[in-house]
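Asker: Before I ask anything, here is the structure I am working with.
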Amino acid sequence: MTPTYWFGHRIFSEIARGFFSYRVVGREHIQVPGAALIVCNHVSFMDPPAVGIAFDEPISYLARKTLFVHPVMQWLLPRLQAVPVDQEAPGPGSLKAVLRLLRAGEKVVIFPEGNRSEDGQLQKPESGVGLVIAKAGVPVIPARIFGAFDALPRHRSLPRPARVTVVFGRPWTVDLTAYDGTNKDLFPKLAAESMLRIAELGL
């Protein structure tokens, strides 16, 4: 854990518990040794740190490439374990970056919906997530964030008080032989199942 990541983890943990009554449900499900892929709903800019502070170890996550344009963010985000991804023209580079982290034994958060929800409701997943799940070959941990949309929705610049809870589900070990069809059929099925497992999580 880099000093920058440690400092960010510590500061956001204090803010989350003091300002957002932050809590974690299903903490026992994240005690997975080594690599794991965390799939989570996406409603707010708060989502990556809200998931991250639930872990005692550093985790990586995907962040849209445009966030890295500002010199300060260009320096800061990589130190917070953010991996840039071009949402307008996603290519193999992002997949390779995720797989490289997982093969190094790290944990990575991805958001199957791609973009933050406009209304706080779950959205349709992107099939590319299924590709990541299929290629990763690691446990998949579903997670669902409650309250982050109330605290900082998509079109709001400053947060407001709200109770934020992150719920983790039982790790899912993907058996690719259980799915029929070609990769073209497989990836959307895996993406859909990831969202189904997220949807099943409740307070």
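Asker: If Gly34 satisfies every condition in (1) touching a residue at least 60 places away in the same chain (Cβ under 8 Å); (2) at negative phi; (3) out of contact with any strand residue (DSSP E or B) (no Cβ under 6 Å at 6 or more places or on another chain) but one, which is the exception?
Answerer: Here Gly34 clears every test but (2).
Asker: Right, another one. If Lys135 satisfies every condition in (1) in a helix (DSSP H, G or I); (2) closer than 18 Å to Gln81 by Cα but one, which is the exception?
Answerer: Just one mismatch for Lys135, condition (2).
Asker: Within segment 109-168, track down each residue that is among the small types (Gly, Ala, Ser) and either touching a residue at least 60 places away in the same chain (Cβ under 8 Å) or within 17 Å of Ala199 (Cα to Cα) (or both).
Answerer: Gly114, Ser117, Gly120, Ser127, Gly128, Gly130, Ala136, Ala143, Gly147, Ala148, Ala151, Ala162
Asker: In segment 126-148, which residues are modelled with pLDDT under 95, surrounded by 24 or more Cβ atoms within 10 Å (Cβ to Cβ) and not aliphatic (A, V, I, L, M)?
Answerer: Gly130
Asker: Another question, if that's okay. Out of the residues in segment 55-113 that are crowded, with 16+ Cβ neighbours inside 10 Å and β-branched (Val, Ile, Thr), state the one that is modelled with the lowest pLDDT.
Answerer: In this case the residue turns out to be Val85.
Asker: Right, something else. Could you list all residues from segment 8-35 that are hydrophobic (A, V, I, L, M, F, W, C) and either exposed (fewer than 13 other Cβ atoms within 10 Å of the Cβ) or touching a Gly at 6+ places or on another chain (Cβ under 8 Å) (or both)?
Answerer: Ile11, Phe12, Phe20, Ala35
Asker: From Leu37, Leu62, Leu99, Leu67, grab the single residue that is among the aliphatic types (A, V, I, L, M), over 16 Å from the mean Cα position of the chain (by Cα) and more than 22 Å from Arg160 (Cβ to Cβ).
Answerer: Matching residue, one of Leu37, Leu62, Leu99, Leu67: Leu67.
Asker: Here are the criteria: (1) under 29 Å from Leu186 (Cβ atoms); (2) over 13 Å from the mean Cα position of the chain (by Cα); (3) of a type outside the set (A, V, I, L, M). Tell me which single one His155 does not satisfy.
Answerer: (1)
Asker: Which condition does Val43 not pass, out of (1) on the phi > 0 side of the Ramachandran plot; (2) in contact with a helix residue (DSSP H, G or I) (Cβ under 8 Å, 6 or more places away or on another chain), if it passes all the others?
Answerer: The single condition Val43 does not satisfy is (1).
Asker: Surrounded by 18 or more Cβ atoms within 10 Å (Cβ to Cβ), touching a residue at least 12 places away in the same chain (Cβ under 8 Å), assigned to a loop (DSSP other than H, G, I, E, B) and touching an Asp or Glu at 6+ places or on another chain (Cβ under 6 Å) - does that describe any residue in segment 40-47?
Answerer: yes
Asker: Got a number for residues in segment 15-39 being of a type in the set (A, V, I, L, M), within 13 Å of Arg144 (Cα to Cα) and in a loop (DSSP other than H, G, I, E, B)?
Answerer: Matching residues across segment 15-39 total 0.
Asker: Okay, moving on. Of everything in segment 158-203, what is acidic (Asp, Glu) and either assigned to a helix (DSSP H, G or I) or surrounded by 16 or more Cβ atoms within 10 Å (Cβ to Cβ) (or both)? Give them in sequence order.
Answerer: Scanning segment 158-203 gives Asp185, Glu193.
The values are calculated or read from the model by the stated rules, or taken from the named source; none is laboratory data. What you are looking at is a predicted structure, and each value in this text was computed from that prediction instead of being measured. Here Cβ is always computed from backbone atoms with ideal geometry, including for glycine, and neighbour counts include all displayed protein chains.
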